[in-house]
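A.B. asks: Before we start, here is the structure in question, set down as structure tokens.
The values are calculated or read from the model by the stated rules, or taken from the named source; none is laboratory data. Quantities reported herein were computed from a predicted structural model and do not represent experimental measurements. Cβ atoms come from the backbone with ideal geometry, glycine included; neighbour counts cover every protein chain shown.
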Amino acid sequence: MTVVVRGAGKQRGGRTLWDGVSFDVERGQVLALTGPSGAGKSTLLDCVGHIEPLDVGTVTIAGTSAGRSRRRARLLRRDHLGYLFQDFGLVPDLTVQANVDIARPRGGGRSTRGPRTAAALERVGLAGRGSDRTHDLSGGEQQRVALARLLVKQPDVVLADEPTSALDEANAAVVLELLDEFAAGGAAVVVATHAPAVVAWADTTLHLDRSGAGRPVGGAPRLPAATRRPPDPAPAPAPAPEYVRPTGVVAGSPSPPEGPA
Ligand SMILES: Nc1ncnc2c1ncn2[C@@H]1O[C@H](COP(=O)(O)OP(=O)(O)OP(=O)(O)O)[C@@H](O)[C@H]1O
């Protein structure tokens, strides 16, 4: 099990965002975190990502629990975790190449960095753009740079916060396709999202209901692969491009929540 969350709770401004949250994400599985705005999806993602601590409970990543140790949390971030942030998480004054080179590649030393970066940029459609300044790129292009960084890093766990919300359909399809590849390669993927198409694409859903108790009311059984596709697009002047998750992706089932039902 790559991600194991048990009895997690978090308060913000004196309010319980969520409490008693428990879930597992296996290798190759995609979990969608859903819930209304302010329910604490991004905060839960940050806690799983060891960007901020839980108030109570535990998060175990690839068999390691950092507990209260900042050093262990930093090592988990470095060695196992990869992020797609809503604001792309890039350094605006650096070039595209430098932003991808920030990633610490799994296996291989510095000598492999250049070729890996070049291959990753080509994979996301940014070949030849390595010397561009990041702040000159469109939002979709910046998200592609962030994806290239993940391709170099190849993390065990990919955490994505609204990864398609600022993108047009073509760029959103690229993001889901790449996230699919990470899952197919054995990563556990957790996506905070409002997008019905992303929820339909994911294997399982964990719903934060903003009840104060903050328990996950979701954890829907994984849809059969054949039905795991975005819903038919609403009638529109032009048909929306649609991304269908390929079959054969390894995926598991969610563990029942441990919190109060
Ligand atoms: N650094 C912070 N300090 C205090 N409160 C915060 C902080 N960050 C977020 N919050 C509050 O915590 C609550 C949960 O925020 P969060 O961004 O996790 O929700 P969300 O479900 O991801 O929302 P959205 O769908 O709008 O992105 C909100 O009420 C927010 O105002």
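A.B. asks: Output the residues belonging to region 174-188 that are modelled with pLDDT under 95 and under 26 Å from G38 (Cα atoms).
C.D. replies: Correct list: V175, L176, L179.
A.B. asks: Residue under question is R133, and the condition is that it be modelled with pLDDT under 95 and surrounded by 15 or more Cβ atoms within 10 Å (Cβ to Cβ); does it hold?
C.D. replies: Details: modelled with pLDDT under 95: yes; surrounded by 15 or more Cβ atoms within 10 Å (Cβ to Cβ): no.
It is false that R133 is modelled with pLDDT under 95 and surrounded by 15 or more Cβ atoms within 10 Å (Cβ to Cβ).
A.B. asks: Let me ask something additional. Please find, within region 28-77, the residue that is nearest to the chain's Cα centre (by Cα) out of those that are within 16 Å of the ligand (Cβ to nearest atom), assigned to a loop (DSSP other than H, G, I, E, B) and of a type in the set (A, V, I, L, M).
C.D. replies: Ranking the candidates gives I51 first.
A.B. asks: Follow-up. Of all residues being at pLDDT below 90 and closer than 24 Å to A172 by Cα in region 60-91, which is surrounded by the fewest Cβ atoms within 10 Å (Cβ to Cβ)? Just the residue, please.
C.D. replies: D87
A.B. asks: Another question, then. Out of all the residues in region 165-211, which are among the β-branched types (V, I, T), over 11 Å from the mean Cα position of the chain (by Cα) and more than 22 Å from V21 (Cβ to Cβ)? Talk me through it step by step, then tell me what you get.
C.D. replies: Going residue by residue through region 165-211, those that are among the β-branched types (V, I, T) are 174-175, 189-191, 193, 198-199, 204-205.
From the residues that got through so far, the ones that are over 11 Å from the mean Cα position of the chain (by Cα) too are 174, 198-199, 204-205.
Correct list: V174 only.
A.B. asks: How many residues, within region 161-192, are within 16 Å of the ligand (Cβ to nearest atom) and buried (at least 23 other Cβ atoms within 10 Å of the Cβ)?
C.D. replies: 5
A.B. asks: So is V199 buried (at least 23 other Cβ atoms within 10 Å of the Cβ) and either within 19 Å of L45 (Cα to Cα) or touching a helix residue (DSSP H, G or I) at 6+ places or on another chain (Cβ under 9 Å) (or both) or not? Write out each step before concluding.
C.D. replies: Numbers: buried (at least 23 other Cβ atoms within 10 Å of the Cβ): no; either within 19 Å of L45 (Cα to Cα) or touching a helix residue (DSSP H, G or I) at 6+ places or on another chain (Cβ under 9 Å) (or both): yes.
Considered against the rule, which asks whether it is buried (at least 23 other Cβ atoms within 10 Å of the Cβ) and either within 19 Å of L45 (Cα to Cα) or touching a helix residue (DSSP H, G or I) at 6+ places or on another chain (Cβ under 9 Å) (or both), V199 comes out as no.
A.B. asks: Just the residues that are among the hydrophobic types (A, V, I, L, M, F, W, C) and surrounded by 22 or more Cβ atoms within 10 Å (Cβ to Cβ), please, taken from region 136-150.
C.D. replies: Within region 136-150, V145, A146, L147, A148, L150 qualify.
A.B. asks: For residues that are of a type outside the set (D, E) and farther than 13 Å from T193 by Cα, scanning just region 31-52, find the one that is surrounded by the fewest Cβ atoms within 10 Å (Cβ to Cβ).
C.D. replies: I51
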